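Data block below; observations after.
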Amino acid sequence: MVLTVAERRVSDVVIVDLKGRVLIDSTHPALDAVRKLLDQGERHILLNYEGVEFIDSAGIGEIVSCVTAANNVGASLKLLKPSPQLCQLLLRGQLAHYLDWLHNEDEAIASFQ
């Protein structure tokens, strides 16, 4: 399954819902969506990984690129509902200090305030 991206807004937070698999041979729809949102002036972005079935090292690189792009313009980007596998990859890659992830959507939205 190809990764699909859908955006929705809750208050001043844009939630980017991802669904499918993030693989090395796929395009970078999450990064493209984040860049578009940043160009539109959005500063609070949640990447929702609840619908992501699998993520490989290329997907981890895409997360880092998204966070870096947000940080470069003074925006805040957080992960929502990462799978246990994704959390382990982030911990093993020593990326836990670099980004925030939350498992509850309401708490994640409130965390931007």
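Here are a few things to note about the model shown:
- Residue in segment 13-34 that is over 19 Å from Thr68 (Cβ atoms), touching a residue at least 60 places away in the same chain (Cβ under 8 Å) and of a type outside the set (Asp, Glu) present: yes
- Qualifying residue in segment 31-52 (condition: acidic (Asp, Glu) and in contact with a Pro (Cβ under 9 Å, 6 or more places away or on another chain)): yes
- Enumeration of residues in segment 1-48 that are surrounded by 14 or more Cβ atoms within 10 Å (Cβ to Cβ) and small (Gly, Ala, Ser): Gly20, Ser26, Ala30, Ala33
- Lys81 satisfies every condition listed in (1) touching a helix residue (DSSP H, G or I) at 6+ places or on another chain (Cβ under 8 Å); (2) at negative phi except (2).
- Here segment 79-113 is the region considered, the condition is being over 13 Å from the mean Cα position of the chain (by Cα) and among the aliphatic types (A, V, I, L, M), and the residue that is surrounded by the fewest Cβ atoms within 10 Å (Cβ to Cβ) is Leu91.
- Strands (runs of 3 or more DSSP E) lying entirely in segment 41-113 (those with 2 or more residues that are more than 16 Å from Pro29 (Cα to Cα) and among the charged types (D, E, K, R)): none
Every number here is computed from the coordinates shown, using simple stated rules; none is lab data. These numbers were taken from a predicted model, which means no experiment stands behind them. Virtual Cβ from ideal backbone geometry, glycine too; neighbours counted across all protein chains shown.
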